[in-house]
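Please read the structure below before turning to the comments.
The values are calculated or read from the model by the stated rules, or taken from the named source; none is laboratory data. All values reported here derive from a predicted model rather than from experimental measurement. No Cβ is skipped: glycine too gets one built from the backbone with ideal geometry, and neighbour counts run over all protein chains shown.
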Amino acid sequence: MFSLRPLAGAILTSALLTGYVVSPAAASVQETATVSQAAARPGNGKVIYNRISGGEGILKIKNGTAKDGVVTLVRGKSKAFSLYVRAKSTASFKQVDDGNYVVYFTTGYRFSTSKRRFTKSASYQRFTGRLKFTTTATSSTVWTLTLNPVKGGNARTTGVNPKDFPA
């Protein structure tokens, strides 16, 4: 597990980042995503992009901000998956393959599903550290990301040019 120091004065987030290992039985528990009534706004936990083949890792995302968010994991130079997390909500992705991932996230209003971007008040960030997912015969990795400022948070973020964001 790695530890990151909080970034003092971060505009959007000094997020809490935690990781631990669980048994495969606990990793197989499924959460039900809330289905949106509005067609233009994806439901909480909606997978926007998925190139994961079915690993055992779990990523939990807590969005305590007033804006919706999309969290994207990139392995190497390839985008692995993107998950939509509504404002003031929590969502999980439960099939993360083993590997090291860079985590990007964007927050905003009025998400365009065709452009895979927010069209109002968008902010683009990247965690400066990587998440490592590892599975053994008896355990798998679980990470929890918090997108809002957390007292004592242990993750640094940096701004990303919208053109460089893996949409």
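What to note about this one:
- Selection count, segment 128-139, where residues are assigned to a strand (DSSP E or B), at pLDDT 95 or above and out of contact with any Gly (no Cβ under 8 Å at 6 or more places or on another chain): 1
- From the list K67, K94, K88, K46, the lone residue that is at pLDDT 90 or above, charged (D, E, K, R) and surrounded by fewer than 16 Cβ atoms within 10 Å (Cβ to Cβ) is K88.
- Taking the conditions (1) in a strand (DSSP E or B); (2) over 15 Å from K62 (Cα atoms) in turn, V142 satisfies each one other than (2).
- For first residues located in segment 143-167 and farther than 20 Å from F111 by Cβ, partners that are surrounded by fewer than 18 Cβ atoms within 10 Å (Cβ to Cβ) and at pLDDT 90 or above and lie 6+ apart or on another chain with Cβ distances below 6 Å form the pairs T144/K60; R156/T128; T158/T128.
- Taken as a whole, the structure leaves T138 outside the set of residues that are within 18 Å of L83 (Cα to Cα) and surrounded by fewer than 21 Cβ atoms within 10 Å (Cβ to Cβ).
- R110 vs. criteria within 14 Å of the chain's Cα centre (by Cα) and in a strand (DSSP E or B): no
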